[in-house]
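First the structure, in the form of structure tokens, and then the observations on it.
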Amino acid sequence: MAKSKSAGADGRPSDEEISQRAYELYLQRGSAAGHETDDWLQAEAELIEARRNAQAAFGGNQAGPSAGSGGSSAETDSHKTNGRRETPATGRRSLRQ
């Protein structure tokens, strides 16, 4: 099976992008030979991670807020309504944010 030469619909980097990054890693290491496979795999992993981070940063994550995203439990237990919170237990609204 031939490797893809361009970025796929799944967001994987193209062989050209991986090759360019692998070459940068080779140069950073002082152009020492014998680490081609390591450079390729590291470059591929870095590019995939960078794309995932970019998708998450720009709203590409369709799953919604993730667990442990830093939101307070008060936010998850109550609903915002016009800048106010309505707690499900009492139905009362609070001006606290």
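Using the Karplus relation 6.51 cos²θ - 1.76 cosθ + 1.60 with θ = phi - 60°, the per-residue 3J(HN,Hα) values for segment 45-55 come to 5, 5, 5, 5, 5, 4, 5, 4, 5, 5, 4 Hz, with x marking Gly and Pro. Remark: spin-label model distance Glu16-Ala56 equals 2.9 nm, labels positioned 7 Å along the Cα→Cβ axis.
Values in this text are rule-based calculations from the coordinates and carry no lab data. Computed from a predicted model, the values in this text were never measured in an experiment. Positions of Cβ are generated from backbone atoms using ideal geometry, with glycine treated the same way; all protein chains shown enter the neighbour counts.
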